[in-house]
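The values are calculated or read from the model by the stated rules, or taken from the named source; none is laboratory data. Not measured: the values here are computed from a predicted model. Here the Cβ is made from the backbone with ideal geometry for all residues, glycine too, and neighbour counts use every protein chain on show.
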Ligand code: G6P
């Protein structure tokens, strides 16, 4: 998703801007640009479609330097991926970078065109630059009419006048090359964070984009407007009142390298055993689950809860779907799961004593955040964020939170964030279960299974070569079907999503029992079907589904528990998975599906860490 880094300093900031862009790359983008006020006070801008590296080369070749500038990675929403649509957008001396969407941009564009502005891009963002410029011009015209001096309008005041005209969600940074001593930023739905050193201030959409020297940061609150100079930071809240926000210690950036791996995704996939150990650390004694970190108020909420509502997007939504089976079967509490973009506009009815769980890797997903905010006036018992980013907006705005501690996930396609979410959800399920009549022995069974999970996962990762061989067989195929039953149905959905994201292949997931209601019509030798076949109470039912598929000429690839007696059939290939505890099975069956998507994408030569058109952190709705 779009990324912003901007700086004003007593030194050249181009290096900071380019390094910041490189650190924003993981979010997913399609073009990048930079604008800087040079030593002559001229606004210089360079934009490029494609990688930050291409922009960096162009900026270095041009020898750009300056003390005040901004840079941006764009993830196209309005207008195709072209250089003219890349940010920053200019209007004379004004330059703007924007994350988010301006919903009334068409109307504003029309009005600005009538005032004589000529648009060079198809974006919604360009209106902001022209509006700021227009406000400055209006001010000068009014002053001239009054016969007074023609002092220019402060950039901050011009931006303040523009804000009420904008509808939508945005994080913006604005500069005016006529006064390169300051930058102005506004947060309205899209996160922004400010970092400082003794002689500089930076603004970014992600704290990791800030220069490493900036150890103190301020997260802007909704509606905040900030003005920064090299030495000063001034903030106003959404009512325009001066406000002070706390400086907090910046999160320590992990050393981010692929190590011996070819891709971040591959590394993250292999990190799952250690990521799960981190999720469990301090939360699992030899025989008990300890979530006392939640505090008394949350514990009280859990005691009162009679319903759980999970809201999430993408992979996190699939984790929620898996957890629904657990909440109902293990904790005996009704649970609903919904995609955030649907939940927020559906006018949902709230069950009595319902606990809202918002699930998110980044904690910045716009739809999930909007759902959380909406829920705050809906009568939920409380909101609990399960998130991988402790400093995120979702965590800050929820009543309670639990952090997955998966470590930073760079690959756009989520891997370790998903499996650690499942682990955290299972801990919560067991805690809620204990409050609702689950016995100590049952809790201990979960504890024992979780203790062995990291090693089990290591075992599953040893299937790497077998899955790679399977991928070789599947790589010529043009579409694929994933099938599972019960708690493995959402795992099949996650497998299909991974394949879509990484290999750009149409892939659909079905509950095996639903095949006869339509999808069977798709079955022929050209439609490979990946079947998840664990050893559980549904094994026999699944066996019948497998026979139905074979009888219709299907080509089947089973990921099957080694204990199952799999029928011999020429169209049936299978990989044996070790016996495992049923509660761990959805977590572990995920691994070969991640590997499968990874290898098919690799063999197709796709961009694994930054799949086309996708973003890691989706900060627009
Ligand atoms: C994007 C990512 C997905 C992710 C989804 C939700 O679409 O590409 O991998 O699952 O957002 O993100 P979240 O950060 O809320 O888990």
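Numbers below:
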quantity	calculated
Options 415, 393, 368: the member that is crowded, with 24+ Cβ neighbours inside 10 Å, more than 21 Å from residue 219 (Cα to Cα) and either in contact (Cβ under 8 Å) with a residue 24 or more places away in the chain or within 13 Å of the ligand (Cβ to nearest atom) (or both)	415
Odd one out for residue 529 among (1) more than 16 Å from the ligand (Cβ to nearest atom); (2) over 30 Å from residue 330 (Cα atoms); (3) modelled with pLDDT under 95; (4) crowded, with 19+ Cβ neighbours inside 10 Å	(3)
Single condition residue 363 does not satisfy, out of (1) within 16 Å of the ligand (Cβ to nearest atom); (2) over 18 Å from residue 587 (Cβ atoms); (3) in contact (Cβ under 8 Å) with a residue 60 or more places away in the chain; (4) not in a helix (DSSP H, G or I)	(3)
Answer residue from region 371-390, given it is without any contact (Cβ under 8 Å) to a residue 60 or more places away in the chain and part of a loop (DSSP other than H, G, I, E, B) and is farthest from the ligand (Cβ to nearest atom) among those	379
Set 556, 515, 564: member being in a strand (DSSP E or B) and either free of Cβ contacts under 8 Å to residues at least 60 places away in the same chain or surrounded by fewer than 17 Cβ atoms within 10 Å (Cβ to Cβ) (or both)	556
Filter pass, residue 572 being buried (at least 21 other Cβ atoms within 10 Å of the Cβ) and either over 18 Å from residue 516 (Cβ atoms) or over 34 Å from the mean Cα position of the chain (by Cα) (or both)	no
Complete set of residues in region 227-253 that are closer than 27 Å to residue 197 by Cβ and in contact with a helix residue (DSSP H, G or I) (Cβ under 9 Å, 6 or more places away or on another chain)	227, 234, 236, 250, 251, 253
Pairs with Cβ under 6 Å, 6+ apart, first in region 308-323 and closer than 15 Å to residue 501 by Cβ and assigned to a helix (DSSP H, G or I), second within 9 Å of the ligand (Cβ to nearest atom) and at pLDDT 95 or above	315/414; 315/418; 316/359; 316/360
Matching option when the condition is at pLDDT 95 or above, over 28 Å from residue 617 (Cβ atoms) and either surrounded by 18 or more Cβ atoms within 10 Å (Cβ to Cβ) or within 16 Å of the ligand (Cβ to nearest atom) (or both), among 302, 356, 321	302
Selection within region 57-81 - assigned to a loop (DSSP other than H, G, I, E, B) and either farther than 22 Å from residue 204 by Cβ or modelled with pLDDT under 90 (or both)	63, 75, 76, 77, 78, 79, 80, 81
Among (1) closer than 27 Å to residue 200 by Cβ; (2) assigned to a helix (DSSP H, G or I), the one test that residue 96 misses	(2)
